[in-house]
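Everything below concerns the one structure shown next.
The values are calculated or read from the model by the stated rules, or taken from the named source; none is laboratory data. Note that the coordinates shown come from a computational prediction; the quantities given were computed from them, not determined experimentally. Cβ placement follows ideal geometry from the backbone for every residue including glycine, while neighbour counts extend to all protein chains displayed. Calculation scope for accessible area: heavy atoms of the full protein, side chains included, ligands and nucleic acids excluded. Shrake-Rupley method; radii C 1.70, N 1.55, O 1.52, S 1.80 Å.
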Amino acid sequence: MTDFAPQRVHAPKRRGGLADDVAIYVRELILTGQLEPGSRVDQDAIGDAMGVSRSPVREAIVVLGQEGLLEVLPRRGAIVAHLTREDVIDHYELFGLISGRAASAAAIGLSDKERHDLQAIHDRFEVAAPSELSALNRDFHRLITRAAPSRTRWLL
């Protein structure tokens, strides 16, 4: 188990709550292997990295515990769950199904301006620096997700 020292990140434009942003950040750390299975989640380090207090970090931990990405230990914090290859495949298959539903809704429901904005983001992918790709990907998918029904948005 290695210690994880998160770097300060630039929080995305606010569309959800702080806990949502923290959950997205920690989920990404887990799914990319930056937080290793069995490692303790350092709530203070995560809060410092995101520029938030401990409350949204704790809320995010509860959500990630319900998703099975963290094992929440009462009064002792949380550790990263041991995920199997099948767990990861299942996660991305389900995410793909729900994302497909959002894309279908976007194909029908986006305004001309939103379609133009989506195309502009897509065009920027072609020339963007590697350091910009994550933010562009997030913006692209957020625009699509906004067109989805509320239950689908909640799942995403």
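You will find that of Ala107, Ala102, the residue that is in contact with a helix residue (DSSP H, G or I) (Cβ under 6 Å, 6 or more places away or on another chain), surrounded by 10 or more Cβ atoms within 10 Å (Cβ to Cβ) and not acidic (Asp, Glu) is Ala102 and no other. Exactly one residue out of Arg124, Arg146, Arg142 is out of contact with any His (no Cβ under 7 Å at 6 or more places or on another chain) and modelled with pLDDT of 90 or more, and it is Arg124. Among the candidates Ile46, Ile30, Ile79, single out the residue that is surrounded by 14 or more Cβ atoms within 10 Å (Cβ to Cβ), touching a residue at least 40 places away in the same chain (Cβ under 8 Å) and over 15 Å from the mean Cα position of the chain (by Cα). Matching residue, one of Ile46, Ile30, Ile79: Ile79. Residues of the stretch 59-76 that are in contact (Cβ under 8 Å) with a residue 24 or more places away in the chain and open to solvent by 70 Å² or more (accessible area, probe 1.4 Å): Glu59, Glu67. The number of residues in the stretch 127-156 being in contact with a helix residue (DSSP H, G or I) (Cβ under 6 Å, 6 or more places away or on another chain) and open to solvent by 40 Å² or more (accessible area, probe 1.4 Å) comes to 5.
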